[in-house]
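Input: a single structure, listed below in structure tokens.
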Amino acid sequence: MGFVLFHYTLFVLLGSILASAACLSAYLVSRKRTMLYAFFGFLFYFFDVAWVFQDDFFTGASAGLGAAYAVVMSLALVVTGGGFLTSFWLLVCDYLGETRKALKVVPVALFVVASVGVLVVLPEGDLRSFLFYFPRELYLFWMLLFAGFRYFATKDEAERSRLRRHRWLYVALWVLGILIVAEDACVFLLPDPIMFGPRAYAPERNFTENVLMLCCAFFACRDAFRVLSLRFERPPMHGGGRQEELIGDNLLMYGKRHQLSDRECEVLRYVLVGKDNQNIASEMHLALSTVKVHVHNILQKTGQPNRQALVQDFWKTS
């Protein structure tokens, strides 16, 4: 079972970091804040799983912390748990257009107070373990209730239609959230705990929570890849700054590869920043017909059917 648990944990870690990287990439090309929040959410969850995973390799004594190890690790889980939950809460707020700062801050403050309060007030034992993780589920249920309330409260049919697109994910999160509580209750609260499967080897883990996060990771990666695909299909053509620098770095190589003349490379530079033939002619002090000939020759030499495909090919192969 240890072999299975090891590779299962690697799979969860891989899913988290893949989703995090995909969301960061999507944010960098789209500047959508929902993608930035998702990036931080999955990154925090990666560390949340990793810090639980490390218990399989060393103890407090081997870490040099002694009895303080449990306290340090519990506080670390408050940080990572609060980090990924708050990131997704901010994502929900941004998606729903919620701007009230107090509403964004209060849930994370309550989460931290509740989690730390359980560690301080209750003696070590199964009840404390259950109540330590329970604020996570409450935070999740709060997000789902808030999103559901906003759906029924809005009178804008277009907004309702936008929210309805995620109804199956919404239902799945409710089901999985309830199962997370049930799994913890079975392990920590029953007189004879039901220790099933890998949980018998790692009672501090909640496998339904892992499934929930992998489900979210799937949808996040899908949306991120759509954003990236859209950017590939419609590359930026506004010029200036970093884009001009990248064009300059790659234009000579691209021109040599396709045997473009110096003049054709110069015309291509204007095409890449979105100039039409008339603007190119004005910029280069050429006749419009001459520019049309250069563009036609560039398309022929590069084997591209039109300007959009040419731009895509340049950024793909440079």
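The values are calculated or read from the model by the stated rules, or taken from the named source; none is laboratory data. Please read all numbers here as calculations on a predicted model, not as lab measurements. Glycine also receives a Cβ, built like all others from the backbone with ideal geometry; neighbour counts cover every protein chain displayed. Calculation scope for accessible area: heavy atoms of the full protein, side chains included, ligands and nucleic acids excluded. Shrake-Rupley method; radii C 1.70, N 1.55, O 1.52, S 1.80 Å.
Only one of the listed residues (Gln259, Gln304) is at pLDDT 90 or above and surrounded by fewer than 14 Cβ atoms within 10 Å (Cβ to Cβ). That residue is Gln259.
Name the single residue, out of those in the stretch 9-45 being of a type in the set (Phe, Trp, Tyr), crowded, with 16+ Cβ neighbours inside 10 Å and more than 8 Å from the chain's Cα centre (by Cα), that is nearest to Leu96 (Cα to Cα).
Across the stretch 9-45, the extreme among qualifying residues is Tyr27.
If only residues of the stretch 156-169 that are surrounded by 10 or more Cβ atoms within 10 Å (Cβ to Cβ) and among the aliphatic types (A, V, I, L, M) are counted, the one that is farthest from the chain's Cα centre (by Cα) is Leu163.
Yes or no: Leu65 modelled with pLDDT under 90 and open to solvent by 70 Å² or more (accessible area, probe 1.4 Å)?
Values: modelled with pLDDT under 90: yes; open to solvent by 70 Å² or more (accessible area, probe 1.4 Å): yes.
Yes.
Out of everything in the stretch 1-25 that is of a type in the set (A, V, I, L, M, F, W, C), modelled with pLDDT under 90 and in a helix (DSSP H, G or I), what residue ends up being farthest from Ala217 (Cα to Cα)? Walk me through how you get there before you give the answer.
Taking the stretch 1-25 as the starting set, the residues that turn out to be of a type in the set (A, V, I, L, M, F, W, C) are 1, 3-6, 10-14, 17-19, 21-24.
Filter again for modelled with pLDDT under 90, leaving 1, 3-6.
With the extra rule that they be in a helix (DSSP H, G or I), the set shrinks to 3-6.
Numbers: Phe3: 24, Val4: 21, Leu5: 20, Phe6: 20 Å.
Among those residues, the one meeting the criterion is Phe3.
If we only count helices (runs of 4 or more DSSP H) wholly inside the stretch 257-309, which ones have 1 or more residues that are more than 15 Å from Ile247 (Cβ to Cβ) and polar (S, T, N, Q)? Walk me through it before giving the result.
Numbers: elements: 262-272, 277-284, 288-302.
Once the helices (runs of 4 or more DSSP H) in the stretch 257-309 are filtered for at least 1 residues that are more than 15 Å from Ile247 (Cβ to Cβ) and polar (S, T, N, Q), what remains is 277-284, 288-302.
Taking the conditions (1) open to solvent by 70 Å² or more (accessible area, probe 1.4 Å); (2) under 12 Å from Phe314 (Cα atoms) in turn, Ser289 satisfies each one other than (2).
Can you tell which of Leu144, Leu85 is without any contact (Cβ under 8 Å) to a residue 40 or more places away in the chain, open to solvent by less than 30 Å² (accessible area, probe 1.4 Å) and either farther than 19 Å from Phe44 by Cβ or outside any loop (DSSP other than H, G, I, E, B) (or both)?
Working: Leu85 fails: without any contact (Cβ under 8 Å) to a residue 40 or more places away in the chain.
Only one candidate passes the filter, namely Leu144.
Let's see how each residue does on (1) modelled with pLDDT of 90 or more; (2) open to solvent by 40 Å² or more (accessible area, probe 1.4 Å):
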residue	(1), (2)
Arg100	yes, yes
Arg136	yes, no
Thr154	no, no
Val171	yes, yes
Gly177	yes, no
Ile180	yes, no
Leu189	no, yes
Phe196	no, yes
Ala200	no, yes
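Residue pairs whose Cβ atoms lie under 7 Å apart, sitting 6 or more positions apart in sequence or on different chains, and linking a residue in the stretch 296-318 that is of a type in the set (Lys, Arg) to a partner that is at pLDDT 85 or above, are Lys301/His258; Lys301/Gln259; Lys301/Leu260; Arg307/Val271.
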